[in-house]
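Written out below as structure tokens is the structure these notes cover.
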Amino acid sequence: MQRLVIALLIAVFAAATALADDAQQEREALAGTWRLTALMIDGDDVPADKMPSITVTFNADGTADATHSMAGELSTTYTLNTDSSPKQIDLVHTAGSLAGASQYGVYELDGDTLLMSATDPGAEESARPGDFSSDLLTFVRD
């Protein structure tokens with residue numbers, strides 16, 4: 001019985017380590033500066049001349065800095081859930097006009113293209129979008 005408990009603990013630890021490794025690899029792939037190139041709200045594409053200017057720099061340590069034409073300079077921490085489909089991202093704004101607000105989203109990273117859909121700042125986690133069909137931010141790596 002004791003061997004079974006030890007084997008189970010080792011399996012749980014190995015699984016947790018693998019998930020942490022996946023998230024770290026994903027943070028490293030996400031690291032860099034990204035520029036918003038397209039925006040869809042409520043299923044409608046926003047014309048380029050009406051779209052806010054957003055640049056985000058993700059760091060592999062789980063922090064990010066953004067410049068947003070409407071919200072100004074922002075600092076954020078983020079966590080990734082790479083085990084869900086679509087993958088999930090949680091953002092907590094730590095400085096700037098949105099400090100203290102959280103956002104919950106889904107994302108897809110494909111090379112130098114990042115697709116993201118997220119709640120409005122301050123929304124509940126239960127409002128996290130399940131897909132990209134209604135609201136979508138498209139970023140390209142600078």
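The values are calculated or read from the model by the stated rules, or taken from the named source; none is laboratory data. All figures in this text were calculated on a predicted structure; none of them were measured in a lab. Here Cβ is always computed from backbone atoms with ideal geometry, including for glycine, and neighbour counts include all displayed protein chains. What goes into the accessible areas is simple: the full protein's heavy atoms, side chains included, and nothing from ligands, DNA or RNA. Shrake-Rupley method; radii C 1.70, N 1.55, O 1.52, S 1.80 Å.
Could you tell me whether A118 is open to solvent by less than 40 Å² (accessible area, probe 1.4 Å) and modelled with pLDDT under 95?
Criteria not met by A118.
Looking at the structure I just gave you, is A60 at pLDDT 95 or above, over 20 Å from P121 (Cβ atoms) and touching a helix residue (DSSP H, G or I) at 6+ places or on another chain (Cβ under 7 Å)?
Yes; evaluated as a whole, the condition is true for this residue.
Return the pair list, or none, for Cβ contacts closer than 9 Å from residues in segment 29-46 that are in a strand (DSSP E or B) to residues that are charged (D, E, K, R) and open to solvent by less than 60 Å² (accessible area, probe 1.4 Å), at least 6 apart or on different chains.
From segment 29-46, the pairs are L39/D135; M40/D135; I41/D135.
Those residues that are touching a helix residue (DSSP H, G or I) at 6+ places or on another chain (Cβ under 8 Å) and without any contact (Cβ under 8 Å) to a residue 40 or more places away in the chain, I need them from segment 100-119; list them, please.
Hits for segment 100-119 are S102, Y104, T119.
Sort through A16, A23 and tell me the only one that's in a helix (DSSP H, G or I), modelled with pLDDT under 95 and open to solvent by less than 40 Å² (accessible area, probe 1.4 Å).
Being in a helix (DSSP H, G or I), modelled with pLDDT under 95 and open to solvent by less than 40 Å² (accessible area, probe 1.4 Å) holds for just one of A16, A23, which is A23.
Scan segment 83-99 and report the pairs whose first residue is closer than 18 Å to V56 by Cα and whose second residue is in a loop (DSSP other than H, G, I, E, B) and of a type in the set (D, E, K, R), with Cβ atoms within less than 9 Å and a gap of 6+ or a chain change.
Q88/R128; D90/R128
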